[in-house]
1. Find the lysine pairs in the chain meeting two conditions, Cα atoms under 21 Å apart and a separation of 8 or more places or different chains, and report how many there are.
2. Along the Cα→Cβ direction, 7 angstrom out, place labels at A269 and K8. What is the inter-label distance in nm?
3. With charges set only on the Cβ (+1 for Lys and Arg, -1 for Asp and Glu), what does the dipole of the chain come to about its Cα centre, in debye to the nearest 20?
4. Could you work out how much longer the chain between D53 and D72 gets when fully extended? Use 0.36 nm per residue separation minus the Cα distance between them, nm to one decimal.
5. When ranked by the protection proxy of mean other Cβ atoms within 10 Å per residue, highest first, what sequence do the peptides 240-251, 180-191, 97-108 form?
6. Between P30, A229, L54, whose Cα lies farthest towards the positive end of the dipole of the chain when Lys and Arg beta carbons carry +1 and Asp and Glu beta carbons carry -1, centred on the Cα centre?
7. Considering the dipole of segment 178-271 built from charges on the beta carbon (Lys and Arg +1, Asp and Glu -1) around the Cα centre, which of T194, A249, T206 is farthest to its positive end?
8. Describe numerically, in nm with one decimal, the distance between label points set 7 Å from Cα along Cα→Cβ at N149 and at D197.
Amino acid sequence: MHFMTALKAAWRQRDSLLCVGLDPDPAKLPAHLAGQPEAIFEFCREIVDATADLACCFKPQIAYFAAQRAEDQLEALIEHIHRRHPEVPVILDAKRGDIGSTAEQYAIEAFERYGADAITVSPYMGRDSVEPYFAYPDKGVILLCRTSNAGGSDLQFLDVGGPAGQERLFERVARLVAEEWNTGGNCGLVVGATFPDEIARVRQLTGDLPLLVPGIGAQGGDIEATVKAGCSADGSGLMISSSRAILYASRGEDFAEAARRVATATRDAINVHRPT
Ligand SMILES: O=c1ccn([C@@H]2O[C@H](COP(=O)(O)O)[C@@H](O)[C@H]2O)c(=O)[nH]1
């Protein structure tokens, strides 16, 4: 199924714009799992099973798995999500960016090895660097636009000119993706919840394009401001991502129940502000 079709169905069926981020940090795993050979998989599997009915998508961050030589556990986790929760799409947060021939390998890794439904990608090497991902017509390609970190402004706020004589780099990215690169209808953009004014600007420039919005929870982004700035006309359009606040709600044996409680509260806090 096309990533966008699956995402829209998950938004609707689950009545949720919450993306559950899967960033398994070995230093924060519950004590009873630490040291076990498949600890990362087991931890994430329990989180996934406890939150799947609350989430419009899952977002494993590849660095947390690769750093622990746990790519096999990432493969097993995505396979588990597809088998047990086939209606919840998986975004591999990899932020890849390289010349076309190397991007082809990254695309094989994300979509064929891991079986991800979508990937995050940097747009800064230009169109030919993202085309290999577009060669997979059913897969989502989510491009960095206005990232959630403060230092994102160093470059993303640079004035690059443009039709009106003044345009910030993230605005150019938003326009380029919405107007020129999204010919297959499979693009989205990353815009941080820590910058609601920029979310509103990106929404203004991109119509109904799906936005992946990290930065609530541990990074302190404002849920109400995010939802009001970013929802599309039909009250969807957002994948609002939270990782640490959900994953580490408890370090005890009740970690999955605690994660479910936080995920439920986050989904509800988002829904309160959605236009009806
Ligand atoms: O601009 C960005 C792009 C990606 N991320 C990723 O999202 C999560 C955020 O984790 P929290 O624990 O919810 O803060 C993490 O995987 C980042 O790599 C981002 O934060 N900002």
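The values are calculated or read from the model by the stated rules, or taken from the named source; none is laboratory data. As the structure is a prediction and not an experimental result, all values here were calculated from the model. For neighbour counting, all protein chains shown are included, and Cβ atoms are generated from backbone atoms with ideal geometry for every residue, glycine included. Surface areas here come from the heavy atoms of the whole protein model, side chains and all, with no ligands, DNA or RNA. Shrake-Rupley method; radii C 1.70, N 1.55, O 1.52, S 1.80 Å.
1. Lysine pair count for the chain: 7.
2. Spacing of the two 7 Å Cα→Cβ label points: 3.0 nm.
3. Charge dipole, the chain, about its Cα centre: 500 debye, nearest 20.
4. 4.3 nm
5. Packing order, densest peptide first, comes out as 240-251, 180-191, 97-108.
6. A229
7. Value computed over the given set: A249.
8. Going by the 7 Å Cα→Cβ label model, 2.2 nm.
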